[in-house]
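Undergrad: Just passing along the structure, written as structure tokens.
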Number of protein chains: 4
Amino acid sequence: MPKHSKNLIDINCDMGESFGAYQIGNDEEIIRYITSANIACGFHASDPNVMERTVKLCKLHRVMPGAHPGYRDLIGFGRRFLDMKADELINDIIYQVGAFTGFLKLHDLPLQHVKLHGALYNYLVTDEDMLLSVATALKKAFGNPVFLTLGTAKMSRLKRGFRKRGIRLALEAFPDRMYTDDGELLPRKHQEAVLKDPDAIAARAVRMVKEKGIHSINNHWIEMDIDTLCIHGDNFESIEAARMMREKFKKEHIEIGPLAKIL
Amino acid sequence: MPKHSKNLIDINCDMGESFGAYQIGNDEEIIRYITSANIACGFHASDPNVMERTVKLCKLHRVMPGAHPGYRDLIGFGRRFLDMKADELINDIIYQVGAFTGFLKLHDLPLQHVKLHGALYNYLVTDEDMLLSVATALKKAFGNPVFLTLGTAKMSRLKRGFRKRGIRLALEAFPDRMYTDDGELLPRKHQEAVLKDPDAIAARAVRMVKEKGIHSINNHWIEMDIDTLCIHGDNFESIEAARMMREKFKKEHIEIGPLAKIL
Amino acid sequence: MPKHSKNLIDINCDMGESFGAYQIGNDEEIIRYITSANIACGFHASDPNVMERTVKLCKLHRVMPGAHPGYRDLIGFGRRFLDMKADELINDIIYQVGAFTGFLKLHDLPLQHVKLHGALYNYLVTDEDMLLSVATALKKAFGNPVFLTLGTAKMSRLKRGFRKRGIRLALEAFPDRMYTDDGELLPRKHQEAVLKDPDAIAARAVRMVKEKGIHSINNHWIEMDIDTLCIHGDNFESIEAARMMREKFKKEHIEIGPLAKIL
Amino acid sequence: MPKHSKNLIDINCDMGESFGAYQIGNDEEIIRYITSANIACGFHASDPNVMERTVKLCKLHRVMPGAHPGYRDLIGFGRRFLDMKADELINDIIYQVGAFTGFLKLHDLPLQHVKLHGALYNYLVTDEDMLLSVATALKKAFGNPVFLTLGTAKMSRLKRGFRKRGIRLALEAFPDRMYTDDGELLPRKHQEAVLKDPDAIAARAVRMVKEKGIHSINNHWIEMDIDTLCIHGDNFESIEAARMMREKFKKEHIEIGPLAKIL
């Protein structure tokens, strides 16, 4: 039995992805609607100045900060697979999360969680051994931050196994993404992969939390065991969806809280 | 009155400067003669894999680890001045030291000190305000590591001022470098700038520690208030100098200890 | 006596400064108003994909392409001085311009000119010897592209000297920038440094071309010997200024042509 | 019928892989034994200063220069696969080869050939369509340099097909590498993959040229249709092997010549 009521959910969003003179996203707007921030660490996006600014923004809005490491590939924004050995991968992650904790300590904030980015996120969903190695190294180095990853049937099973080792997995769903019958994200190449209508996205978010599931692209019911919803803030529609989601959550008595309260 | 006897000294050396397929230095050899290691953090040299290896090497040899951040300039090895604003500079340093602490925590080691590298080291020797800003930020973020910098008359004065603010400066001398009459390092463009004879280097090291001073290029006596000697390990002569220094220290009853014991 | 009539002018603009997932500028809009494009080469901005796209855009609009190399400093957008030796600087420029010519040849376009970027542009304005070394190397490697730099009294003098060596300097003025009494650009920290009013900018452009000069911040008349006007395209006002400038030029019978026709 | 006698062969070697303060290889030694140099272009190794030095070294020794582009992965030395789209890959190659031609033109040398590096070399051996796309773009941009790749049965077939399109493939064999029965390189993880004995390597080189084949790991005879031998210069044994190879070639009346004379 989960320790939290079924009506408590975290909302996470990727942030701090600007770089030097380059601006991306509407961090100052979307941060008003979330409880956990996944903050880029300088390999696939961001730089030390953006990291410091984003940590301060979290402090101002009382949003819990998490590290969001990716492949060392600025040009590809971390979206291209790079074939690295296990120890190389772990060292790249330790480096990025360590760098991030420097700014957290400068502003007296804890490291709530770690969420991998892009192609690295996708890769670790497919490799249980690597996932365990990475989560174990993060626990050893950073005092057991929550490890945030994709909510699937397989990950729910892993979550229980990892808990016995003292590792906390948090699982996320995407209200603006369509799912396959197997409970995987429908790849972006499909026309129906990403929902744009704010009202529909907000309605799906409510259902994911209250009914613990969602209908797939073929209208099959997929059960979900999720701790957090991932939202986006890069365009007007996504911010509008976030706003409506919070409104509906209030009406439906769904409480919003950071991962630390949920896991 | 210093809390340590005049015959206790730390020996520090830059390490972990290899990068990817590129090897530099003889870390496994020189580490046998030192008490404090200045470990590159990936901006001017090193990478996450080299950093992890070097931290493990310190643990094996019970050498105290320090972060050695530099300008983000791999091609120039951090030896070229880059005109950065104060906040950019501090953020680059926090990022690098933070990344380094990730590996320290992975291997359960403390951060003893921070020493800047190359052109960044040289620049901060000339700018007291920036030095104070950097040292203050490091204290805030990393629990007051020792800040290792060049031993000069001006720095001795700063050391006392910083101590009142709770910041620990450690000052270093270079037994293999010639000094000007003002107690500055004779620039490398001068023929006599760098000593090569291991015996002469070792003899100068003893004098620096026991007599608290050294003769300048023009044979003037320069007083020194130093906590640590910086040695090099990149060629056969420098390693031989290190070996002879340790031998002479033993004969002269000079004790070797890490900065933490000295400051 | 210049070989072109006093009513022929080139209009240049920095372009192709996007990077990976990051978009900057309105290249597709501003390119309609210019005759020469300064295209970033991947060190301070841009990447190979952006370079290829921008070269194709020039071809489509029959705008003459030039290389726009800068310091290797993506985070600082090439705006921070980096202390490089002469040969290092020249090699970095040859590398970038060479890379750029790869895309030109892929699309069968000539290299019209080279204009340095940001802190590198500013630095070479102050160092005649370095300017000559760079221009000489570019001539040797790339068949004598025009070298575009700041129009000042000193540069007009240099222009004549360089012409004897077979090097073509082109001088530019900034209709949206205020000038000091010495004919230098008023630094951006001054409130009046940058003009925003499209109508005023367009009027200044006409005066610069027809009257060969402009009034300084203190209302002194500064003579100008210019071949090209530099405009910007990063906001609505600057594009509106470009549009109005072209309109006024038409009324005033000022002809627009690429540098190759002017020098 | 090949236009060259069966006793004419090119010898190629990777060079110019140093980077900033980091030295790799013995370029000044190995260059005495080769006719074609594959010169790194700054993405997986090298920098603009090393490139310029290496081009000058080629000129001094009358060795024909070729570009040696790789993945943008300095830490991995270009040995890790990066999943790039076709146009991204082509643009990265055009950029690197273009940059290299800048130094060639500065020193008045032609671009003889292009050879891909590491994981990029391996990847294009497996993807005919990509190979054709890359070779076609190189022809368009750089006036038809020879494209140097691995000699296998499949590549011999491709070589004939490409010739009809006006693209020149040159095929290489590795005298210090063991081959599988299928004529592929035995992967390095096998103990017998790399030969170390200079005498054996030199003998295999002679056989490859005179008998147009070599025995595989299981003693099967593999036919070879090769234009060039790839040798290494990173250790004493490999340089000794190169020296002995040249000696044996002289005795056996095998002539050495650059690719341009052979294809």
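The values are calculated or read from the model by the stated rules, or taken from the named source; none is laboratory data. Please read these numbers as outputs of a predicted model, since none were measured by experiment. Here Cβ is always computed from backbone atoms with ideal geometry, including for glycine, and neighbour counts include all displayed protein chains. What goes into the accessible areas is simple: the full protein's heavy atoms, side chains included, and nothing from ligands, DNA or RNA. Shrake-Rupley method; radii C 1.70, N 1.55, O 1.52, S 1.80 Å.
Undergrad: Quick one: which residue in D:THR180, D:THR126, D:THR152 is over 23 Å from D:ASP10 (Cα atoms) and under 19 Å from the mean Cα position of the chain (by Cα)?
TA: Answer to the check: D:THR126.
Undergrad: Regarding segment C:4-11, can at least one residue be identified that is modelled with pLDDT of 95 or more and hydroxyl-bearing (Ser, Thr, Tyr)?
TA: No: zero hits.
Undergrad: Just wondering, is there one or more residues in segment D:84-99 that are open to solvent by less than 10 Å² (accessible area, probe 1.4 Å), small (Gly, Ala, Ser), without any contact (Cβ under 8 Å) to a residue 60 or more places away in the chain and facing chain C (nearest Cβ under 9 Å)?
TA: Yes, there is a match, as at least one residue in segment D:84-99 is open to solvent by less than 10 Å² (accessible area, probe 1.4 Å), small (Gly, Ala, Ser), without any contact (Cβ under 8 Å) to a residue 60 or more places away in the chain and facing chain C (nearest Cβ under 9 Å).
Undergrad: At the interface with another protein chain (Cβ under 8 Å from one of its Cβ atoms) and touching a Ser or Thr at 6+ places or on another chain (Cβ under 6 Å): which single residue out of B:ILE11, B:ILE24 fits that description?
TA: Going through B:ILE11, B:ILE24 in turn, just one is at the interface with another protein chain (Cβ under 8 Å from one of its Cβ atoms) and touching a Ser or Thr at 6+ places or on another chain (Cβ under 6 Å): B:ILE24.
Undergrad: Right, here's the next one. Going by the structure shown, is C:GLN96 touching a Cys at 6+ places or on another chain (Cβ under 8 Å) and modelled with pLDDT of 95 or more?
TA: Yes, satisfied.
Undergrad: Another one. What pairs come up if the first residue lies in segment D:238-257 and is over 13 Å from D:ALA203 (Cα atoms), the second is in a strand (DSSP E or B), and their beta carbons are under 7 Å apart, counting only those six or more places apart or on different chains?
TA: From residues that are over 13 Å from D:ALA203 (Cα atoms), the pairs are D:SER238/D:ILE231; D:GLU255/D:LEU8; D:ILE256/D:ILE9; D:ILE256/D:ILE11; D:GLY257/D:LEU8; D:GLY257/D:ASP10.
Undergrad: State all residues of segment B:216-252 that are surrounded by fewer than 16 Cβ atoms within 10 Å (Cβ to Cβ), out of contact with any strand residue (DSSP E or B) (no Cβ under 6 Å at 6 or more places or on another chain) and not in a helix (DSSP H, G or I); if no residue qualifies, say none.
TA: Hits for segment B:216-252 are B:ILE217, B:ASN218, B:ASN219, B:HIS220, B:ASP234, B:ASN235, B:GLU252.
Undergrad: Restricting segment B:100-119 to residues that are touching a residue at least 60 places away in the same chain (Cβ under 8 Å) and more than 9 Å from chain A (Cβ to nearest Cβ), which is nearest to B:SER46 (Cα to Cα)?
TA: It comes out as B:HIS117.
Undergrad: Next question, about the same structure. For segment B:186-215, how many residues meet the condition of being in contact with a Ser or Thr (Cβ under 9 Å, 6 or more places away or on another chain) and either part of a strand (DSSP E or B) or within 24 Å of B:ILE34 (Cα to Cα) (or both)?
TA: 3
Undergrad: Taking segment C:125-149 as the region of interest, how many residues are in contact with a Ser or Thr (Cβ under 7 Å, 6 or more places away or on another chain), surrounded by fewer than 23 Cβ atoms within 10 Å (Cβ to Cβ) and either over 18 Å from D:ALA99 (Cβ atoms) or away from chain D (no Cβ under 14 Å) (or both)?
TA: Residues flagged as in contact with a Ser or Thr (Cβ under 7 Å, 6 or more places away or on another chain), surrounded by fewer than 23 Cβ atoms within 10 Å (Cβ to Cβ) and either over 18 Å from D:ALA99 (Cβ atoms) or away from chain D (no Cβ under 14 Å) (or both) within segment C:125-149 amount to 1.
Undergrad: Another question, then. Is it fair to say A:ARG204 is in contact with a Pro (Cβ under 6 Å, 6 or more places away or on another chain) and either over 18 Å from A:GLY118 (Cα atoms) or open to solvent by less than 50 Å² (accessible area, probe 1.4 Å) (or both)?
TA: Yes; evaluated as a whole, the condition is true for this residue.
Undergrad: Examine segment B:39-54 for a residue that is among the basic types (Lys, Arg) and either closer than 30 Å to C:ALA119 by Cβ or buried (at least 24 other Cβ atoms within 10 Å of the Cβ) (or both), and state whether such a residue exists.
TA: Scanning segment B:39-54 turns up no residue that is among the basic types (Lys, Arg) and either closer than 30 Å to C:ALA119 by Cβ or buried (at least 24 other Cβ atoms within 10 Å of the Cβ) (or both).
Undergrad: Any idea which of (1) within 23 Å of B:LYS139 (Cβ to Cβ); (2) within 16 Å of the chain's Cα centre (by Cα) is the one A:PRO110 doesn't satisfy?
TA: Checking A:PRO110 against (1) within 23 Å of B:LYS139 (Cβ to Cβ); (2) within 16 Å of the chain's Cα centre (by Cα), the one that fails is (2).
Undergrad: Could I ask something else about it? Looking only at segment A:155-176, decide whether some residue is assigned to a helix (DSSP H, G or I), surrounded by 19 or more Cβ atoms within 10 Å (Cβ to Cβ), among the small types (Gly, Ala, Ser) and in contact (Cβ under 8 Å) with a residue 12 or more places away in the chain.
TA: no
Undergrad: Taking interchain pairs and intrachain pairs at least six residues apart, which have beta carbon atoms under 7 angstrom, with the first residue in segment A:62-76 and away from chain C (no Cβ under 14 Å) and the second basic (Lys, Arg) and in a strand (DSSP E or B)?
TA: What qualifies is A:GLY66/A:LYS115; A:HIS68/A:LYS115.
Undergrad: Of all the residues that make up segment D:16-38, how many are of a type in the set (D, E, K, R) and touching a Gly at 6+ places or on another chain (Cβ under 8 Å)?
TA: 3
Undergrad: Out of all the residues in segment D:177-185, is one or more open to solvent by 60 Å² or more (accessible area, probe 1.4 Å), closer than 24 Å to D:LEU82 by Cβ and in a loop (DSSP other than H, G, I, E, B)?
TA: Yes, segment D:177-185 contains at least one residue that is open to solvent by 60 Å² or more (accessible area, probe 1.4 Å), closer than 24 Å to D:LEU82 by Cβ and in a loop (DSSP other than H, G, I, E, B).
For (1) open to solvent by 30 Å² or more (accessible area, probe 1.4 Å); (2) of a type in the set (Gly, Ala, Ser), each residue gets a yes or a no:
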| site | (1), (2) |
| --- | --- |
| D:ASP10 | no, no |
| D:MET15 | no, no |
| D:ILE24 | yes, no |
| D:ALA67 | no, yes |
| D:LEU82 | no, no |
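Undergrad: Let me ask something else about it. Among residues belonging to segment C:27-61 that are touching a residue at least 24 places away in the same chain (Cβ under 8 Å), of a type in the set (A, V, I, L, M, F, W, C) and more than 12 Å from every other protein chain (Cβ to nearest Cβ), point out the one that is farthest from C:GLU247 (Cα to Cα).
TA: In this case the residue turns out to be C:ILE39.
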